[in-house]
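Note sheet for the following structure.
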Amino acid sequence: MMGELPLPAMAPSAPPAASPSAGPSRYDRADWASAFVNVEEEHSNLPLTASRGTIPAELAGTFYRNGPGRLERGGRMVHHPFDGDGMVSAMRFEGGQAWLSNRFVRTEGWQAEEEAGRFVYRGVFGTQKPGGPLANAFDLRLKNIANTHVVKLGDQLLALWEAAEPHALDPDTLETRGITLLDGVLRPGEAFSAHPRFDPGHHGGPRLVTFGVKTGPRSTIRLMEFGADGRLIEERRDTFPGFAFLHDFAITPDWAVFMQNAIAFNPLPYVLGQKGAAQCLASNPTAAGSFLLIPRPSGRFAGEEPRRLTAPPGFVFHHLNAHADASGTEVVVDSIVYDDFPSIGPESDFQQVEFEAIPAGRLQRYTLDTVSGAVSWKVLEARTCEFAMVNPQRQGLEARYGWMALAERERGNDPLQAIGKLDLVSGERRVWSAAPRGFVSEPMMVPRPGASAEDDGWVLCRVWNGARRGSDLVILDAATLEEVALLELPLAIPYGLHGSWVPA
Ligand SMILES: [Fe+2]
């Protein structure tokens, strides 16, 4: 889950990426760490021009992104960037032109800390209030920092943070309307995942499918399906034994697919003010993970009990996609898998992280037999990767291609510096690289309007440019991964998390 990666030395004649190898890392740690800054400005509809190339005239819509934008207060850094307040950016494209808006989500916590000029809340990832454990013990308030994802639902934009309710924003101005309970769908404080999936129309019109988890010795998953107008269409609740750490999921027309990692939660150091809540998660070596398949309320198995299958060892934050065979009984899910949960200790400084010492992500394909319970798997991409997606029209269906962020080296764990397009059938891979001085973020595949080919469109990606210590937006041809345009943004935005594309 370490964030985005930087961009190439943006010389007009940037050489083609050197062939990756398992040799030593070639990035400069100072370039990588230079992205950990506060976002200092907010813009409204600021016109942008391409520094290189031409913005495609057919590219029409808005690229929203969310991520931590405030990493330091009163001279103290957050313990981990994931504790930074959500800052949403919107890049609007129309007729070959582009405009930039960006705005912090005015959460209650953000406002209180802006006024105080210091951290007033503890962070889930270990940021403490000043004053040591005594000042932090028994303060179990959650600061809803709205920093993980941003999606459009009905007439509002939702800034998401998985442990609490969404914040509603104006889609044009990015002004914060406040916490929303989605017309009474949610109870105050209810968890609402930061990883909705967009069903392109498997059951009529498009849907936003998402979930919330209530954790404990037994955990309850609430599966929710919303229509394009923002109304809740269907839901169901299922309770499972064990503490569920569920960050993402995948869908097919019939199933919601979860991987329940084998994780234990010991909250005592959190209660006593010694650790953040997420720092109290650890691998549970005595347990195996599970795949949980919950029948979607409009699918062929509606109303049936969930299927629970034993998972091979490995830890998953994010999935690429899922699909099923014609009968719906064999389900394939592609996931970014780590050998272990990358824990973040209270003593460690995230800017000093040794990438080689922490688990690296790889893309694996799991095949789940929902009748026999058998699970088989194979590696699709062994190179360090994260933040993968398919063409949004293939969400829940078998896809030929996946686009993802990659490390620059063929083997070894490093920051993400490249974008890959992987042929999931042949294994052929194309790469665009921002190395040595650029670091990429989650790539966004945007289909060309009216396209018939699955890879016809563009890939948009924000890149940290370590050479000029600023953020760039690169537009690639989705089929070839050749660069189409590069825009230098008048902002320095730390490595972000997730985003979405809303067509005009
Ligand atoms: Fe995520």
Just in the stretch 402-504: which GluC sites (Glu not before Pro) are loop by DSSP and have at most 11 other Cβ atoms within 10 Å?
GLU428, GLU482
So what's the back-of-envelope 222 nm ellipticity for the chain, counting only DSSP H runs of four-plus at -39500 (n - 2.57) apiece and dividing by all residues, rounded to 500?
-1000 deg cm²/dmol
For the chain: lysine pairs under 29 Å (alpha-carbon distance), excluding those fewer than 8 apart on one chain:
10
How much accessible surface does ILE55 have with a 1.4 Å probe, in Å² rounded to 10?
10 Å²
Once you have the Kirkwood Rh of the stretch 209-314 from its Cα pairs, apply Stokes-Einstein at 37 °C and 0.692 mPa s and quote D in µm²/s.
219 µm²/s
Over its alpha-carbon atoms, the chain yields an Rg and a Dmax in Å of 21.3, 61
Quick one: with all protein chains in place, what share of the accessible area of the chain is carbon or sulfur, to the nearest percent (1.4 Å probe)?
51 percent
Which whole-number value in Å² is the accessible area per residue of the chain, probe 1.4 Å?
38 Å²
Please work out, to two decimal places, the log10 of the ratio I(q)/I(0) at q = 0.16, 0.27 Å⁻¹ from a Debye calculation in which every Cα of the stretch 28-105 carries one identical scatterer.
-0.73, -1.18
Which values, in whole Å and largest first, are the semi-axes of the equivalent ellipsoid of the stretch 399-504 obtained as the square root of 5 times each eigenvalue of the Cα gyration tensor?
22, 18, 11
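The values are calculated or read from the model by the stated rules, or taken from the named source; none is laboratory data. Because the structure is predicted, anything quoted here is derived from the model rather than measured. Counting neighbours? That spans all protein chains shown, and the Cβs are built from the backbone with ideal geometry, glycine included. Ligands, DNA and RNA are stripped out before the accessible areas are found, and what is left, the full protein with its side chains, is counted by its heavy atoms. Shrake-Rupley method; radii C 1.70, N 1.55, O 1.52, S 1.80 Å.
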